[in-house]
Amino acid sequence: MDTCQLKEKERAGTINPIFTCQPCGAQYASIGIKDCIGIVHGGQGCVMFVRLLFSQHFKESFEIASSSLHEDGAVFGALNRVEEAVDVLLTRYPDVKVVPIISTCSTEVIGDDIDGVVTKLENGLLKEKFPGREVHLIPIHTPSFVGSMISGYDLAVKEFVSHFAEKGEPNGKINFITGWVNPGDVTALKHLLAEMDIDATVLFETETFDAPLMPSGNHVAHGETTVEDIAGTANAIGTIALNRYEGGQAAAFLSDKFGVPAIVGPSPIGIRNTDTLLKNLSTMTGKPIPESLVRERGIALDAITDLTHMFFADKKVAIYGNPDLVVGLAEFCLDLEMKPVLLLLGDDNSHYDRDPRIQALQANITHGMEIVTNADLWDLEGRIKDEGLELDLILGHSKGRFISIDHKVPMVRVGFPVYDRAGKYRHPVMGYAGAIHLAEEMANALFTDMEYKKSKEWVLNVW
């Protein structure tokens, strides 16, 4: 059937989830801010396993604290653990200014009042033990039994912006909300801004996640966006949020409260979406698109043209991961003459049917495509093993690697987390540079598969 169907997963349970939970997203947002260490109010595993994901993906260490909830706290309440955690954290780290208090499923179920304990600490401990010190305690409610790491990230960015944003004199900048991207993407995006001579507040400056080994000693990785940067978001020319579900709430808040115009999306994956980003930047700032970027676009087009019709045409692709990433990758694959046949969105967001990009896919797709919400990786495996879905390529993070291995379908690692390929976080998928990198990665995966299967090797012959 040559239609694009949007539907929810048919099973009630989840087997091999695509995402982890909301607190992970809030923790990811927090490590993008300078002088910030979050306290996760829950069991130690709520931090340990998230830090493990970050460390596996970035091959770096990140500082996140835990209130270390135990059984007695789950029965009688555990706000005393938050008070102790704030005291210990501020004592041990004299430079910390921002301390988000991130709730979890257990502390939301028992009803711990983290807003109330923040007020108590501001009127008590901070004045008594840390007088004159700048400390921001920010409650962030991220119960794990709804949403996903995506909604947790989106919520946390909005909470940080709503806490710090303060109206003052216009600063001539734009707010540039990147969403959940790699350091390589931030580098590529900042390059586009620099070429257009645009001054931007980047939420968040995560290039420094690639922390160096220095003669002075090893450094813990952390972001570089400051409290002052976030405070100034209220005074910007406008806001561009690249990802609808990873920063859209913050853009809407700045628009509603401070009248800062907002443009949300599209994710600049591929040529046409990067073109749209540059047009939006030019419209918002009045800055022209320079010839240097026209040339970069031409180089990307040339690289893609070398591959598209001969190697990509009609190749069937399954894509899973963060929703903005999945939709952006699907749009890029369509431009490469490929056929994305299965898109798996791994959370319970009920508003995907309102997404104009998904509506456009439904209106324009000329081959069969399924978009499955609240999906898991069992959906991908079941369609291959039980329903005979034929695929030429899988795009997704490392959690789906065994499906690729078991069913001999080549796979390109993209998204979060990627822990079985080296250095992926350094390479962009966004912008013109990202379009080149992605296209070449996909082509090389297909070429390698031809070698393993001794299939269609004539395609690669020189005659």
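The values are calculated or read from the model by the stated rules, or taken from the named source; none is laboratory data. Quick caveat: nothing in here was measured; it's all calculated off a predicted structure. Cβ: placed from backbone, ideal geometry, glycine included. Neighbour counts: every protein chain shown.
What the table below lists for this structure:
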item: Verdict on V88 being surrounded by 14 or more Cβ atoms within 10 Å (Cβ to Cβ) and either closer than 30 Å to E207 by Cα or not assigned by TED's automatic domain parsing to the domain that holds F160 (or both); result: no
item: Residue within segment 417-428 that is free of Cβ contacts under 8 Å to residues at least 24 places away in the same chain, among the charged types (D, E, K, R) and under 24 Å from L342 (Cα atoms) present; result: yes
item: Candidates F332, F311 - the one that is closer than 17 Å to M411 by Cα, in a helix (DSSP H, G or I) and at pLDDT 95 or above; result: F332
item: Any chance G73 is under 28 Å from the mean Cα position of the chain (by Cα) and either part of a helix (DSSP H, G or I) or of a type outside the set (S, T, N, Q) (or both); result: no
item: Residues of segment 385-416 that turn out to be within 26 Å of L301 (Cβ to Cβ), in a loop (DSSP other than H, G, I, E, B) and touching a residue at least 40 places away in the same chain (Cβ under 8 Å), as a count; result: 3
item: Segment 311-344: number of residues that are among the small types (G, A, S) and surrounded by fewer than 22 Cβ atoms within 10 Å (Cβ to Cβ); result: 1
item: Answer from G152, G147, G111, G132 - the residue that is in the same structural domain as I31 (by TED's automatic domain parsing) and assigned to a helix (DSSP H, G or I); result: G152
item: In segment 254-279, residue nearest to the chain's Cα centre (by Cα) [restricted to those that are of a type outside the set (V, I, T) and part of a loop (DSSP other than H, G, I, E, B)]; result: S267
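This table checks each residue for (1) modelled with pLDDT of 95 or more; (2) within 20 Å of the chain's Cα centre (by Cα).
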{"position": "V326", "(1), (2)": "yes, yes"}
{"position": "K339", "(1), (2)": "yes, no"}
{"position": "N349", "(1), (2)": "no, yes"}
{"position": "N364", "(1), (2)": "no, no"}
